[in-house]
Amino acid sequence: MKKIITSLPQLKKLAAWIAARMTTGKEKKIGLSGPLGAGKTTLVKLIAKRLGINELVSSPTFVLMHEYRGNKITLTHIDLYRLSSADRDTVREIAEIIDNAQYVAVEWPERIPAIAAKLEKIYHLRMGESENERIVEYK
Ligand SMILES: Nc1ncnc2c1ncn2[C@@H]1O[C@H](COP(=O)(O)OP(=O)(O)O)[C@@H](O)[C@H]1O
Ligand SMILES: [Mg+2]
């Protein structure tokens, strides 16, 4: 599937659709891949909001992981941008956290194949033609 997003309301709609798939159990653990600035963190923020989490989701690029707790929902947001497969202890720790988490969104999943393998769906984001355009592809 391929979606072209050209505005924030459109991205919100996609976030609502992804959040619904998470809460109905279709995919509770997802990955968001794509270059810096593609909109991965922005999408996670919107998904969190949609899951009923009011706490602001900040970019975890410099902090590997954040947990966002709503009423009955916990979204674990992980960013693998700075992690290497060679960092075996951290990779093992993150894999364990993902196993035990309720809902998970991982940025840069392709950096660590062992972690990508734990995710049920990967959304690929990239820049479109114009400044606010983004292309989202998934299987
Ligand atoms: N249609 C869009 N979808 C997502 N982000 C957009 C869009 N148009 C503009 N942006 C902007 O692009 C930037 C994406 O940044 P961010 O979500 O941090 O990207 P990433 O996490 O992929 O590096 C934000 O400043 C956001 O406001
Ligand atoms: Mg990001």
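Just so you know, all these numbers are worked out from the coordinates, no wet-lab data involved. Small disclaimer: the values here were computed from a predicted structure and weren't measured. Because the Cβ atoms are built from the backbone with ideal geometry, glycine has one as well, and the counts that use them run over all protein chains shown.
Residues of segment 82-97 that are in contact with a helix residue (DSSP H, G or I) (Cβ under 7 Å, 6 or more places away or on another chain) and touching a residue at least 24 places away in the same chain (Cβ under 8 Å): Leu83, Ser85, Val91, Ile94. Cβ separations smaller than 6 Å between residues 6+ apart or across chains give the following pairs from segment 34-52 residues that are touching a residue at least 40 places away in the same chain (Cβ under 8 Å) to residues that are assigned to a helix (DSSP H, G or I) and of a type in the set (Val, Ile, Thr): Ile47/Ile18.
Residues that are surrounded by 13 or more Cβ atoms within 10 Å (Cβ to Cβ), over 24 Å from Ala117 (Cβ atoms) and not hydrophobic (A, V, I, L, M, F, W, C): does segment 18-29 have at least one? Checked segment 18-29: no residue is surrounded by 13 or more Cβ atoms within 10 Å (Cβ to Cβ), over 24 Å from Ala117 (Cβ atoms) and not hydrophobic (A, V, I, L, M, F, W, C). From the list Ser130, Ser85, the one residue that fits, being among the polar types (S, T, N, Q), surrounded by fewer than 16 Cβ atoms within 10 Å (Cβ to Cβ) and farther than 28 Å from Thr6 by Cβ, is Ser85.
Only one of the numbered conditions (1) touching an Asp or Glu at 6+ places or on another chain (Cβ under 7 Å); (2) of a type in the set (Ser, Thr, Tyr); (3) crowded, with 16+ Cβ neighbours inside 10 Å is violated by Thr42, and that is (1).
Within segment 6-48, the set of residues being more than 16 Å from Lys121 (Cα to Cα) and within 16 Å of ligand 2 (Cβ to nearest atom) comprises Leu11, Pro35, Leu36, Gly37, Ala38, Gly39, Thr41, Thr42, Lys45, Leu46, Ala48. Only one of the numbered conditions (1) in contact with an Asp or Glu (Cβ under 8 Å, 6 or more places away or on another chain); (2) within 11 Å of ligand 1 (Cβ to nearest atom); (3) acidic (Asp, Glu) is not met by Glu131, and that is (1).
In segment 96-120, how many residues are within 11 Å of Ile30 (Cα to Cα) and of a type in the set (A, V, I, L, M)? Here the count works out to 8.
Looking at His66, is it out of contact with any helix residue (DSSP H, G or I) (no Cβ under 6 Å at 6 or more places or on another chain), assigned to a strand (DSSP E or B) and within 15 Å of ligand 2 (Cβ to nearest atom)? Criteria met by His66.
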